[in-house]
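Undergrad: Structure provided below as structure tokens; questions to follow.
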Amino acid sequence: MRHSFFNDYSAQITSVRDNIIYITREFADNGAIGNCGFCLVFVCRKSVYDFVEIYDPAKYEDLHLTVFKLKRVPIERVVNSRLNLLKDAIAVSNTKEWDEVFDAIYKYYSLGENGIKFTLDIMEIINNLSHHGYRSLFSFISELRLSNNMDILERLFNKQPRTGLLLYILNSMRKYSHNNEHFPNMFLNDAQKWREDAKVVEAYKPHVHTYWLKYFMLKYIEKYREVRLDQILEEFCTLGKYEEHLVRLVLGSLCTSNSYCCAMVKYELAGINKANNVICISDRGKTLVNKVASTTFINPENEFCFTFSYLQLVVEDYLLAYPKDFINDLIVPDDYSYLYYPKEKYGQFAKNMITKKAKAVGILYLILHTSLDAEMTHRDCFYNKIKLFCPDMKSVGNNLYKEINALLKYFSQQPIQFMSDEDIERINRLKTFFEEYYRSGVQIKP
């Protein structure tokens, strides 16, 4: 719940926590259920036992408890187990029309085939970006509109599995928006755009605009691993001069487990005082603000949130505020339904989309670059504290254009120049715009 860190919501949190503590005590040594001496038997697939281990035995030694956890399972093991299950299911059902589909999937996913490393890398990225690991990954795959279309199967599972990454972030919709509550827009930090719950009025007060609060918050949490709420408020409100209601709202948004899921609250370490809530970063949060494994068309030199794969989607988010002189350059009316087109139509639509998005992402990069410089000048004391987290935007831009040009080359399009004369002119205009904005101190209002 994005309002978890506001006082209006604290009573509900306290009630949930009390219930959890009560249930836990019932299962402890001196609890009613704990004294029953139940024997628990774990029944699971044979391959699962290889990844079970005892968790932190010293931590529970005084309670005479044995706690188990599952180690991380390699993506290859997960895929192969599902393939074998699918093969057995088809054999039992004797459904001949699925034989061709299964043969195609098995060809592209079987270890040893060309391209398998690329496919598995993309699946691992999607897994790291998902809400609940492999369960979410395979739920997403099962909901894809594949039918028995061999063109789409070959595109997703062999030639261009990067399209699967786009479909996951889109949640299989035609257009991306943070408001879909599936995948976060890292550069949307606007309380006025989330104004949907009048019960928590405090959350939606006016504030100075920023593209960067989520990014810095995740980098800060990642660096210190486990951070208390009062530490975040001290760093970002007292030192950084971000409005407290905005910090609480953005942090709550990052911690929504079924929506944006970039951070997690460790309630078991918090105690009764809400200010002591301990927050840590999730796998999705880590992936967004770090470089990803080297795979074709995914730029290994940029953090994921600065790759073309990500920026081409968030640039179209209707919730993002842009300088009005540049809005027309950022609008791309086309949608992503072409990802399901047969190969006769797919190539031309993909080429058109990438060409248009390349221009829009280039403008978005300039906006992010110039706004960061202006904001850090405005928050100079904060910048001295978090300058190690600040991205090198010149390097980001250079790597981003390499990625864009690699895609354009794939579709036989002319490359675009990084920092052209037109870009330099835009930077000068944007620099003036953001410097004047932060000097003015004008707040975003409903």
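Undergrad: Mind checking which residues of the range 226-242 are more than 14 Å from F5 (Cα to Cα) and of a type in the set (D, E, K, R)?
TA: If the condition is that a residue be more than 14 Å from F5 (Cα to Cα) and of a type in the set (D, E, K, R), then E226, E234, E235, K241 are the ones that fit.
Undergrad: Just wondering, is there one or more residues in the range 388-400 that are within 25 Å of H207 (Cα to Cα) and touching a strand residue (DSSP E or B) at 6+ places or on another chain (Cβ under 9 Å)?
TA: Yes, that holds for at least one residue.
Undergrad: Now a separate question. Of a type in the set (G, A, S), closer than 28 Å to D151 by Cα and touching a strand residue (DSSP E or B) at 6+ places or on another chain (Cβ under 8 Å), is that true of S309?
TA: So S309 fits the description; yes.
Undergrad: Just to be sure I understand the filter: pairs with C-beta atoms under 8 Å, separated by 6 or more residues or on different chains, first member in the range 344-356 and buried (at least 17 other Cβ atoms within 10 Å of the Cβ), second member among the charged types (D, E, K, R). Which pairs pass?
TA: Within 8 Å, the pairs are Y346/D151; Y346/R155; M353/D334.
Undergrad: Going through E234, E244, E202, E181 one at a time, which residue ends up being under 28 Å from Y438 (Cα atoms) and at pLDDT below 85?
TA: Result of the check over E234, E244, E202, E181: E202.
Undergrad: From T370, T377, grab the single residue that is in contact (Cβ under 8 Å) with a residue 60 or more places away in the chain, within 28 Å of G441 (Cα to Cα) and surrounded by 14 or more Cβ atoms within 10 Å (Cβ to Cβ).
TA: T370
Undergrad: While we're here: Looking at the range 416-441, I want the residues that are touching a residue at least 24 places away in the same chain (Cβ under 8 Å) and have a partner that is of a type in the set (F, W, Y) and assigned to a helix (DSSP H, G or I) with Cβ atoms under 7 Å, at least 6 apart or on another chain. Which pairs are those?
TA: Listed by first residue and then by second, the contacts come to I416/Y401.
The values are calculated or read from the model by the stated rules, or taken from the named source; none is laboratory data. Worth saying up front: this structure is predicted, and the values here are computed from it rather than measured. Cβ sites come from the backbone with ideal geometry, for glycine too, and all protein chains shown count toward neighbours.
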